[in-house]
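One structure below.
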Amino acid sequence: MSNHPYSQLFELSPFPAVVSRLDDHRVLAVNVSAAELVGVSPKDAVGQPVSGYYVDPAQRLELIDRVRRDGRADNVRLHVRRARGEPFWVLASIRVIDWNGE
(Lines give C-alpha, C1' and ligand atoms only; values in the text may rest on other atoms or scores of the structure.)
Protein backbone atom coordinates (compact mmCIF):
# COMPACT_ATOMS: atom_id res chain seq x y z
CA MET A 1 0.00 0.00 0.00
CA SER A 2 1.19 3.48 -0.76
CA ASN A 3 1.72 6.40 1.60
CA HIS A 4 -1.41 8.04 0.21
CA PRO A 5 -3.33 9.92 2.93
CA TYR A 6 -6.32 7.59 2.49
CA SER A 7 -4.38 4.33 2.50
CA GLN A 8 -5.31 3.61 6.13
CA LEU A 9 -9.00 4.08 5.31
CA PHE A 10 -8.68 1.45 2.60
CA GLU A 11 -6.65 -0.97 4.70
CA LEU A 12 -8.72 -0.73 7.88
CA SER A 13 -12.18 -0.40 6.37
CA PRO A 14 -14.70 -2.92 7.69
CA PHE A 15 -16.02 -3.15 4.12
CA PRO A 16 -14.19 -5.64 1.89
CA ALA A 17 -12.40 -3.89 -0.98
CA VAL A 18 -10.37 -5.22 -3.89
CA VAL A 19 -8.61 -3.25 -6.62
CA SER A 20 -7.97 -5.17 -9.83
CA ARG A 21 -6.99 -4.33 -13.39
CA LEU A 22 -9.67 -4.47 -16.05
CA ASP A 23 -7.36 -5.80 -18.75
CA ASP A 24 -5.62 -8.75 -17.09
CA HIS A 25 -7.82 -9.15 -13.97
CA ARG A 26 -4.78 -9.07 -11.63
CA VAL A 27 -5.29 -7.94 -8.04
CA LEU A 28 -3.43 -4.68 -7.35
CA ALA A 29 -4.59 -4.28 -3.74
CA VAL A 30 -6.89 -5.95 -1.25
CA ASN A 31 -7.83 -4.79 2.21
CA VAL A 32 -7.82 -6.93 5.34
CA SER A 33 -11.62 -7.33 5.36
CA ALA A 34 -11.67 -8.76 1.83
CA ALA A 35 -8.68 -10.99 2.47
CA GLU A 36 -10.28 -12.44 5.60
CA LEU A 37 -13.57 -12.98 3.76
CA VAL A 38 -11.97 -15.15 1.08
CA GLY A 39 -9.35 -16.70 3.37
CA VAL A 40 -6.14 -15.44 1.81
CA SER A 41 -3.48 -13.02 3.02
CA PRO A 42 -3.37 -9.64 1.27
CA LYS A 43 0.25 -10.34 0.32
CA ASP A 44 -0.71 -13.63 -1.38
CA ALA A 45 -3.70 -12.09 -3.19
CA VAL A 46 -1.81 -9.24 -4.88
CA GLY A 47 -0.73 -10.21 -8.38
CA GLN A 48 -3.16 -13.13 -8.64
CA PRO A 49 -6.08 -13.09 -11.09
CA VAL A 50 -9.29 -12.01 -9.35
CA SER A 51 -11.22 -14.03 -11.94
CA GLY A 52 -10.11 -17.19 -10.11
CA TYR A 53 -12.42 -16.25 -7.24
CA TYR A 54 -15.54 -16.27 -9.42
CA VAL A 55 -17.60 -19.47 -9.45
CA ASP A 56 -18.31 -18.71 -13.13
CA PRO A 57 -15.41 -16.67 -14.62
CA ALA A 58 -17.75 -15.56 -17.44
CA GLN A 59 -19.56 -13.46 -14.80
CA ARG A 60 -16.37 -11.40 -14.42
CA LEU A 61 -16.18 -10.80 -18.18
CA GLU A 62 -19.82 -9.65 -18.30
CA LEU A 63 -19.18 -7.37 -15.34
CA ILE A 64 -16.08 -5.86 -16.97
CA ASP A 65 -18.06 -5.13 -20.15
CA ARG A 66 -20.65 -3.30 -18.05
CA VAL A 67 -18.03 -1.33 -16.10
CA ARG A 68 -16.18 -0.32 -19.27
CA ARG A 69 -19.46 0.85 -20.81
CA ASP A 70 -20.91 2.65 -17.76
CA GLY A 71 -17.83 3.36 -15.61
CA ARG A 72 -19.51 1.63 -12.68
CA ALA A 73 -21.83 -1.13 -11.50
CA ASP A 74 -23.88 -1.02 -8.32
CA ASN A 75 -25.47 -3.71 -6.16
CA VAL A 76 -24.29 -6.59 -8.32
CA ARG A 77 -24.79 -10.11 -6.93
CA LEU A 78 -21.60 -12.08 -7.51
CA HIS A 79 -21.13 -15.79 -6.91
CA VAL A 80 -17.56 -16.10 -5.69
CA ARG A 81 -15.47 -18.65 -3.86
CA ARG A 82 -13.17 -18.65 -0.91
CA ALA A 83 -9.54 -19.68 -1.29
CA ARG A 84 -10.50 -23.23 -0.23
CA GLY A 85 -13.18 -23.38 -2.94
CA GLU A 86 -16.33 -22.83 -0.84
CA PRO A 87 -18.81 -20.76 -2.90
CA PHE A 88 -20.75 -17.84 -1.43
CA TRP A 89 -22.67 -14.79 -2.64
CA VAL A 90 -21.65 -11.14 -2.27
CA LEU A 91 -23.31 -7.87 -3.14
CA ALA A 92 -20.74 -5.62 -4.78
CA SER A 93 -20.36 -2.17 -6.26
CA ILE A 94 -17.59 -1.50 -8.78
CA ARG A 95 -15.97 1.73 -9.94
CA VAL A 96 -13.27 2.55 -12.46
CA ILE A 97 -10.50 4.41 -10.59
CA ASP A 98 -6.90 5.43 -11.11
CA TRP A 99 -4.67 3.32 -8.84
CA ASN A 100 -1.06 4.47 -8.70
CA GLY A 101 -1.18 5.52 -12.33
CA GLU A 102 -3.02 2.44 -13.60
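In the set [x] -0.36, -0.43, -0.50, -1.34; [y] -0.52, -0.60, -0.68, -1.19; [z] -0.37, -0.44, -0.51, -1.51, the label that goes with log10 I(q)/I(0) by the Debye sum over Cα atoms at q = 0.12, 0.13, 0.14, 0.23 Å⁻¹ computed for this structure is [z]. Dividing the radius of gyration of the alpha carbons in the stretch 54-93 by their Kirkwood radius gives 1.01 for Rg/Rh. Computed over neighbours whose Cβ is under 13 Å from that of D56, the net charge equals +2, Lys and Arg +1, Asp and Glu -1.
Near P87: Cβ cut-off under 12 Å, other residues only, Lys/Arg at +1 and Asp/Glu at -1. The net charge is +1. Between the listed residues V80, A29, S51, the Cα displaced farthest toward the positive end of the dipole of the chain, a dipole computed from Cβ unit charges relative to the Cα centre, is found at V80.
Using the average count of surrounding beta-carbon atoms within 10 Å as a protection proxy, the listed peptides 31-37, 9-15 rank, highest first, as 31-37, 9-15.
Once you charge only the Cβ atoms, +1 for Lys and Arg and -1 for Asp and Glu, what is the size of the charge dipole of the stretch 3-102 about its Cα centre, to the nearest 20 debye? Can you show the working numbers first?
Working: 13 positive and 13 negative charges, 30 e Å.
With only Lys, Arg, Asp and Glu charged at Cβ, the dipole is about 140 debye.
To the nearest 0.05, how large is the calculated FRET efficiency for E62 and V32 if R₀ is 30 Å and r is the Cβ-Cβ distance?
Details: r = 28 Å, r/R0 = 0.95.
With a Förster radius of 30 Å, E is 0.60.
Once the piece of chain linking S7 and R95 is laid out straight, how much longer is it, given 0.36 nm per residue of separation minus the C-alpha distance between them?
Numbers: separation 88, 0.36 × 88 = 31.68 nm, distance 1.72 nm.
Taking S7 through R95 to full extension adds about 30.0 nm, to one decimal.
Protein heavy-atom accessible surface, 1.4 Å probe, per residue over the chain: 67 Å².
Nonpolar atom fraction for the stretch 1-94, defined as the carbon and sulfur part of the 1.4 Å probe accessible area, stands at 53 percent.
The values are calculated or read from the model by the stated rules, or taken from the named source; none is laboratory data. Only a predicted model underlies this, so the values are computations on that prediction, with no experimental measurement involved. Here the Cβ is made from the backbone with ideal geometry for all residues, glycine too, and neighbour counts use every protein chain on show. When the accessible area is computed, the model is the full protein with side chains, heavy atoms only, and any ligands, DNA or RNA have been set aside. Shrake-Rupley method; radii C 1.70, N 1.55, O 1.52, S 1.80 Å.
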